Amino acid sequence: QVQLVESGGGLVQAGGSLRLSCAASGRTFSAYTMAWFRRAPGKEREFVASVNRSGGNTYYADSVKGRFTISRLNTNNTVYLQMNSLKPEDTAVYYCAAASLRSISTIHNAYPYWGQGTQVTVSS
């Protein structure tokens, strides 16, 4: 199993930036495909970005493409989400997720391990 703890959320003005971190503990971090999802108030959880085990392949939701960057550092068991040009519609609780997958998945049911979430609020 793997335990995930997110950090880095907060309040930012539209156009600003935040970097989320997700620290993993437990079994070998490099064995997991990692992803970020988010849930806005009154909405379903949605996929944001994913990175494969080596960090060499990434995939983004259309709504964040060109603004967000997912990356990972296997030597310190951490995955990051750099969020630039933030918009009020990016306001949500952001969750880190992990799965023993060979490739990226955008489906939340494919990820058995989740963090507790971190709140991101973007003011207009």
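The values are calculated or read from the model by the stated rules, or taken from the named source; none is laboratory data. Quick caveat: nothing in here was measured; it's all calculated off a predicted structure. For neighbour counting, all protein chains shown are included, and Cβ atoms are generated from backbone atoms with ideal geometry for every residue, glycine included. With ligands, DNA and RNA removed, areas are computed over all heavy atoms of the protein, side chains included. Shrake-Rupley method; radii C 1.70, N 1.55, O 1.52, S 1.80 Å.
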Handout entry: Of residues in the stretch 41-83 being in a strand (DSSP E or B) and aliphatic (A, V, I, L, M), the one most open to solvent (accessible area, probe 1.4 Å)
Key = Leu73
Problem - Cross-chain or 6+ apart pairs with Cβ under 7 Å, the stretch 77-95 first and closer than 15 Å to Leu11 by Cβ, then surrounded by fewer than 19 Cβ atoms within 10 Å (Cβ to Cβ) and among the aliphatic types (A, V, I, L, M) - result: Leu86/Val12; Leu86/Ala14; Lys87/Ala14; Pro88/Ala14; Thr91/Ala40; Ala92/Ala40
Handout entry: Ser25 vs. criteria open to solvent by 30 Å² or more (accessible area, probe 1.4 Å), part of a strand (DSSP E or B) and in contact (Cβ under 8 Å) with a residue 12 or more places away in the chain
Key = yes
Exercise for the section: Sort through Arg19, Arg38 and tell me the only one that's touching a residue at least 40 places away in the same chain (Cβ under 8 Å) and either surrounded by fewer than 17 Cβ atoms within 10 Å (Cβ to Cβ) or assigned to a helix (DSSP H, G or I) (or both). Expected result: Arg19
Problem - Among residues of the stretch 1-16, those that are under 14 Å from Ala98 (Cβ atoms), part of a strand (DSSP E or B) and either within 15 Å of the chain's Cα centre (by Cα) or polar (S, T, N, Q) (or both), counted - result: 4
